[in-house]
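Okay, so here's the structure we're looking at.
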Amino acid sequence: MSSYSPPSPTLSDPAVGELLVVSDIQKLDLPRVERKMGSSELSYFLPSRANGVNDMYLHLGFNAPEQLVRRARVHLVWAILRVRHPLLASKVSMRNYEDVRFIYTPPQSPEDALLDAENTIEYRDASKDDLIDAYLNGDRTLSNERLSYIIVSQGGPPTLPSPPLTPRHTTPTTEETPEPTCNHDILIGAAHFLGDGMALHQFANDFFGLLGSNNTQQELERQLRDEWVNYCSPSPDKIFVLPNAMEDKFPAESSKFRRAVGKVDFSISKSKTIGGQTFPFKSKQARHTIVPTVSYDEDRTKAILKRCKAHGVSVSAALFAICNIVWARDGNGQRDLPTLMYSALNLRPYFTVKSPHDSYWFLAIGYFNVVLPNFIPRSTELSSVFWHRARIAKEQSTRAAKNPMVISRCQSMAEERVQRARVWAKEDDDKEHGTSAVPPLVPQSAVLAPRAPTSALIGLSLLGNLDGMYQHASFPPIQLHTLTTGSRQRPGGMLLFGYTFAGKLWISLGYDENGLEKALVERFWKGVLQATDELLIR
């Protein structure tokens, strides 16, 4: 039998008219579930150890009545979702550079789950910008013991008119009167080796679906109890599992010939990736990430979408072309070297092996490149060049997603990334401990056959239409109005985001203002916004 010393919250049950406390529930020693990280997870974990590089955040601003954002209700919703998605409540144990494990101990009771949720949530009186700045540039919020965290800032006048409240049933004898709404901010933090943007946004939708539902406090307590019974309660026939690593969601390749073909294909695909444009680095000051963000109102967003559709491209393809045009016009790179940009590829549609756990919290991304010329023909109208480049970006993106070797390439890339991460991790540890590492031997072939440059100008996180993921109609008392996302960066990091949300197109640029030439980045950002106005709106 296990002991439990801290005082626990209680869950009320009106059906029986009494309180259920921890001592009323039989508590057993639950099994500890372990799983080794896959290559992709490990490639994100190892760089994060020192200062949280790649720790994700999602900020959402919303208007809601105060009763929906009371702490007891928020805690219940957070507890329910942590029970459903065990990686959020897991810890990490590193044995060596090859063997790092998720460790999950299921909560011993619904009250235990609620207490765990309360220990990973914080309330601050802070603005949206202050919340984001503290997460990106302050001390690391997450750790190996705390892989997810929520910060809530309550109160403030609503930023937009809110719809009327739907009837809610608190007691049969009380008439429902509309409550005034206030603006609230929430920041959800999660380690990137837990999952990706798709998981983060799906989670946020589920969070607001529960928070803004018609369920009373007692009904949410009952739901937590039911979820705990389903996922965590011990029984003779229950096997506790964690979601599979990405690599285990693909069928194992048993053919040596096919594995060899995959390696050759990956090598050939890399040889075709050429890029020689970069923002100059500075490294004297501590990293400080800023995220300038611009949104376009619904009318301008509709005009942008309509214009892109008329030219047969998506907004995502257009953003690749805009970055290319702006850099070719205002950048300081060599004109004869092309511009390489990269973006993430959602691998969920390619999975063929069913995971033993139904959670969507897992990492499932690969990467693809878009390569465009670094010049603008003087004899051709700029808009014609722009739309042609956008169509090329679309073709390259489509080709990457539909390539028959896409799975093999992503697996090879994951293995290459984790090998680099292990080398860098050991170098960091040796430096910290004051020991010198022996530099690896360079193969003679690498000396005799130099490769073409493969430097990337910028990464683009193109999230698409997030209104298709956020089911706003399922939580009518809550009006989401602002969304900003990103991650803690390494020195000199830069990532451009593009997405539609709440009927608006949003473009943001997260970058280290101390690690890059600020004047050049500001000129680039100004150029992106001007090009959007000139080429997509006017």
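The values are calculated or read from the model by the stated rules, or taken from the named source; none is laboratory data. In this text, all values refer to a predicted model and were calculated from it rather than measured experimentally. Note: ideal-geometry Cβ built from the backbone for every residue, glycine included; neighbour counts use all protein chains shown. Heads up: the accessible areas ignore ligands, DNA and RNA and are worked out on the full protein's heavy atoms, side chains in. Shrake-Rupley method; radii C 1.70, N 1.55, O 1.52, S 1.80 Å.
Observations on the model:
- Members of segment 506-524 that are more than 23 Å from residue 328 (Cβ to Cβ) and of a type outside the set (D, E, K, R): 506, 514, 515
- Residue count for segment 225-244 satisfying the condition of being at pLDDT 95 or above and touching a strand residue (DSSP E or B) at 6+ places or on another chain (Cβ under 7 Å): 2.
- Members of segment 341-385 found to be part of a strand (DSSP E or B), of a type outside the set (Val, Ile, Thr) and open to solvent by less than 30 Å² (accessible area, probe 1.4 Å), listed by number: 341, 343, 345, 366, 368, 372
- Hits in segment 300-320 (condition: in contact with a strand residue (DSSP E or B) (Cβ under 7 Å, 6 or more places away or on another chain) and not aromatic (Phe, Trp, Tyr)): 301, 304, 315, 316, 319
- Matching option when the condition is modelled with pLDDT of 95 or more, open to solvent by 30 Å² or more (accessible area, probe 1.4 Å), aliphatic (A, V, I, L, M) and in a helix (DSSP H, G or I), among 393, 446, 400, 473: 473
- Test for residue 151: is it assigned to a helix (DSSP H, G or I) and either β-branched (Val, Ile, Thr) or modelled with pLDDT under 95 (or both): no
- Residue identified as touching a Phe, Trp or Tyr at 6+ places or on another chain (Cβ under 6 Å) and closer than 30 Å to residue 38 by Cα among 256, 249, 270: 249
- From the list 60, 81, 115, the lone residue that is modelled with pLDDT of 95 or more and either assigned to a loop (DSSP other than H, G, I, E, B) or in contact with a strand residue (DSSP E or B) (Cβ under 7 Å, 6 or more places away or on another chain) (or both) is 60.
- The residues of segment 505-527 that are surrounded by 22 or more Cβ atoms within 10 Å (Cβ to Cβ) and assigned to a helix (DSSP H, G or I) amount to a single one, 524.
- Evaluating residue 267 against the criteria (1) part of a loop (DSSP other than H, G, I, E, B); (2) farther than 20 Å from residue 395 by Cα leaves one unmet condition, (1).
- Options 68, 58: the member that is touching a Pro at 6+ places or on another chain (Cβ under 7 Å) and open to solvent by less than 10 Å² (accessible area, probe 1.4 Å): 68
- Pick from segment 241-264, criterion within 26 Å of the chain's Cα centre (by Cα) and in a loop (DSSP other than H, G, I, E, B), ranking: surrounded by the fewest Cβ atoms within 10 Å (Cβ to Cβ): 251
- Extreme residue, least open to solvent (accessible area, probe 1.4 Å), among residues of segment 271-299 that are basic (Lys, Arg) and touching an Asp or Glu at 6+ places or on another chain (Cβ under 9 Å): 287
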